[in-house]
1. Can you tell me which residues in segment 94-107 are touching a helix residue (DSSP H, G or I) at 6+ places or on another chain (Cβ under 9 Å), surrounded by fewer than 23 Cβ atoms within 10 Å (Cβ to Cβ) and not basic (Lys, Arg)?
2. Name the residue that is farthest from Pro24 (Cα to Cα), counting only residues in segment 48-74 that are in a loop (DSSP other than H, G, I, E, B) and touching a helix residue (DSSP H, G or I) at 6+ places or on another chain (Cβ under 9 Å).
3. Please go through segment 20-51 and pick out each residue that is touching a residue at least 24 places away in the same chain (Cβ under 8 Å) and exposed (fewer than 13 other Cβ atoms within 10 Å of the Cβ).
4. Somewhere in segment 38-59, is a residue at pLDDT 95 or above, within 17 Å of His23 (Cβ to Cβ) and among the hydroxyl-bearing types (Ser, Thr, Tyr)?
5. For residues that are farther than 13 Å from Val44 by Cα and of a type in the set (Val, Ile, Thr), scanning just segment 116-137, find the one that is surrounded by the most Cβ atoms within 10 Å (Cβ to Cβ).
6. Can you tell me which condition Pro24 does not meet? The list is (1) outside any loop (DSSP other than H, G, I, E, B); (2) within 18 Å of Tyr133 (Cβ to Cβ), and all the others hold.
7. Mind listing whichever residues of segment 1-10 are loosely packed, with under 11 Cβ neighbours inside 10 Å and either modelled with pLDDT of 55 or more or within 14 Å of the chain's Cα centre (by Cα) (or both)?
8. Collect the residues in segment 79-92 that are surrounded by 15 or more Cβ atoms within 10 Å (Cβ to Cβ) and within 18 Å of Met26 (Cα to Cα), keeping them in residue-number order.
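The values are calculated or read from the model by the stated rules, or taken from the named source; none is laboratory data. Computed from a predicted structure; not experimentally measured. When we count neighbours, we look across all protein chains shown, and the Cβ atoms used for this are built from the backbone with ideal geometry, even at glycine.
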Amino acid sequence: MHPEPERFFLGPESPPKELRDLHPEMVHIFRLWQIFLSNVNPLVKIFHAPTVQQIILDASADLDNVPKHVEALMFSMYLLAVTSMLTEDCEKLLGETRDKLLSRFSYAAQQSLINARFMKSLNLMTLQALILYIVRITIDP
């Protein structure tokens with residue numbers, strides 16, 4: 001009868017969605033990670049980068065079985081990496097427009113946080129994903 005708390009925070013109710021097809025290609029995942037490390041991580045240090053890098057590498061090798069908390073962190077990272085890029089760099093490095101990437105990754109970050117049940121989760125990585133998502137919406141609403 002009452003909506004889940006996650007949906008109250010992030011918008012209208014929608015059924016949980018699989019996000020596999022919204023991930024970029026594996027080579028682009030690593031490129032976005034490098035951009036995140038260069039452009040975002042110096043300003044928002046909320047995790048141990050070498051540890052998270054290994055988690056992202058492992059997850060990107062098997063996107064069909066990514067834990068929900070890892071997927072939330074990945075989409076929030078993609079979103080902030082693209083936010084930090086210029087339009088022409090997005091097209092040159094990722095082959096898509098910045099606006100299209102921002103739209104896709106913003107939706108996927110929201111949905112992945114919902115899928116990870118961020119309002120009830122005690123998982124540190126889910127909290128880190130939420131913080132990154134909030135940082136993004138505060139700098140580029």
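1. Within segment 94-107, Leu94, Gly95, Glu96, Thr97, Asp99, Leu102, Ser106, Tyr107 meet the criteria.
2. For segment 48-74, the residue satisfying everything is Pro67.
3. Arg20, Met26
4. no
5. Thr126
6. (1)
7. none
8. Selection gives Leu79, Leu80, Ala81, Val82, Cys90, Glu91.
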